[in-house]
Amino acid sequence: MNTDRRAFFKNIAAAAATLTVLPTAALAREKKTAPSDAVGMLYDTTKCIGCKACVVACKEANHMPADTDGYGHGLYDSPDSLNQYTKNIIQLYKDGNEQSFAKKQCMHCIDPACVGACMLGALQKGKFGVVSYDVSKCVGCRYCETVCPFNVPKFEWAKAAPKIVKCEFCKERLAEGKQPACTEVCPRKAVIFGKYTDLLDEAHLRLENNPGKYVNKVYGERELGGTQVLYLSHIDFEKIGFRFKQDESVPHLQQTVSHGIYKGFVGPIALYGLLGAVLFRNRGNSEKES
Ligand code: SF4
Ligand code: SF4
Ligand code: SF4
């Protein structure tokens, strides 16, 4: 661990020591729910063949340049992670005979950390529950990058007038009555689009009708306050990159920690672990990308 990172954790510990314990009832934060018009995506690892048609369609729909930094030595558009050129990615997990693809893009959180962190309102949760971005309000502070538990927003380091890059659920297509480009092209219907509540029902139906086929959980139903992008998986969610299991959203945890509503700091210490993990990992990734 380098000196900067040691200092980072020391700062978290120092902040913990300054908290005041206040009555829970006065400060509890209400859990947010998906808006009534919320749309979503349901991705099913058992159906995905890793063809990356969704990655290509996303690039086309968003007029994104090729990313030739990854595999292929500059010859192919071959992103291996979300980045300033890539809003949607298919990753591969493989360990012996165990294998899975995993689609990654913005999760359109029900209580988004990025929206809570952006003091200027450049990120907003709007129509259909889509978390969208307004470059005219953005000053490039990159707080959104730091707090996102899914490590989604990316800063355009290579540009003179950089902006934040992230999936906005093809909001222009939605406004025209179309579905997102990625769900439209998927040949296996491994990722489908629909009303959020219908997708939740569909996910539970698949679990019920296929005992033993999936891990018995719809990822995103509860995790981190819930997300409008939902996942079914045949292997542990942690293995395909979903390491956070807490029900509470990051803004909820931040408020809880800052108000110190737990007696004896037992709660806050656990919560610092999560917040620290989010910040530490994203900071590490930003250092690599910059
Ligand atoms: S996944 Fe990250 S960028 Fe997307 S809404 Fe959630 S906090 Fe914001
Ligand atoms: S919704 Fe649109 S921007 Fe988001 S991943 Fe799919 S194609 Fe890309
Ligand atoms: S288009 Fe569908 S099957 Fe192909 S990689 Fe994307 S989600 Fe998987």
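Against the criterion of solvent-accessible heavy-atom surface with a 1.4 angstrom probe, 64, 107 sort, most first, into 64, 107. Only the Cβ atoms of Lys and Arg (+1) and of Asp and Glu (-1) were treated as charged; on that basis the dipole of segment 167-246 about its Cα centre amounts to roughly 200 debye. A convex hull fitted to the Cα coordinates of segment 57-126 yields 145 cubic angstrom per residue.
Summarised in one figure, the compactness ratio Rg/Rh of segment 206-260, Cα atoms and Kirkwood Rh, is 1.10.
Starting from the Cα gyration tensor of segment 133-259, take the square roots of the eigenvalues, sort them a ≥ b ≥ c, and report rounded, prolate or oblate (rounded when a/c is under 1.5, otherwise prolate if a/b is larger than b/c, else oblate). Oblate is the answer for segment 133-259, as a/c is 1.5 or above yet b/c matches or exceeds a/b. Cross-linked pairs 103/245; 32/163; 104/245; 104/171: Cα-Cα separations exceed 20 Å for 32/163. For the residues 176, 184, a 1.4 Å probe over the protein chains yields an accessible-area ranking, largest first, of 176, 184. Both numbers refer to the Cα atoms of segment 101-171; Rg and Dmax are 11.6, 36 Å. In this structure, the pairs whose alpha-carbon distance is over 32 Å, taken from 137/217; 154/217; 94/127; 137/239, are 137/217; 94/127; 137/239.
The values are calculated or read from the model by the stated rules, or taken from the named source; none is laboratory data. Just so you know, these numbers come straight off a predicted model, no measurement behind them. With ideal geometry, Cβ positions are generated from the backbone for all residues, glycine too; neighbour counts draw on all protein chains shown. Note: areas computed on protein heavy atoms with side chains; ligands, DNA, RNA excluded. Shrake-Rupley method; radii C 1.70, N 1.55, O 1.52, S 1.80 Å.
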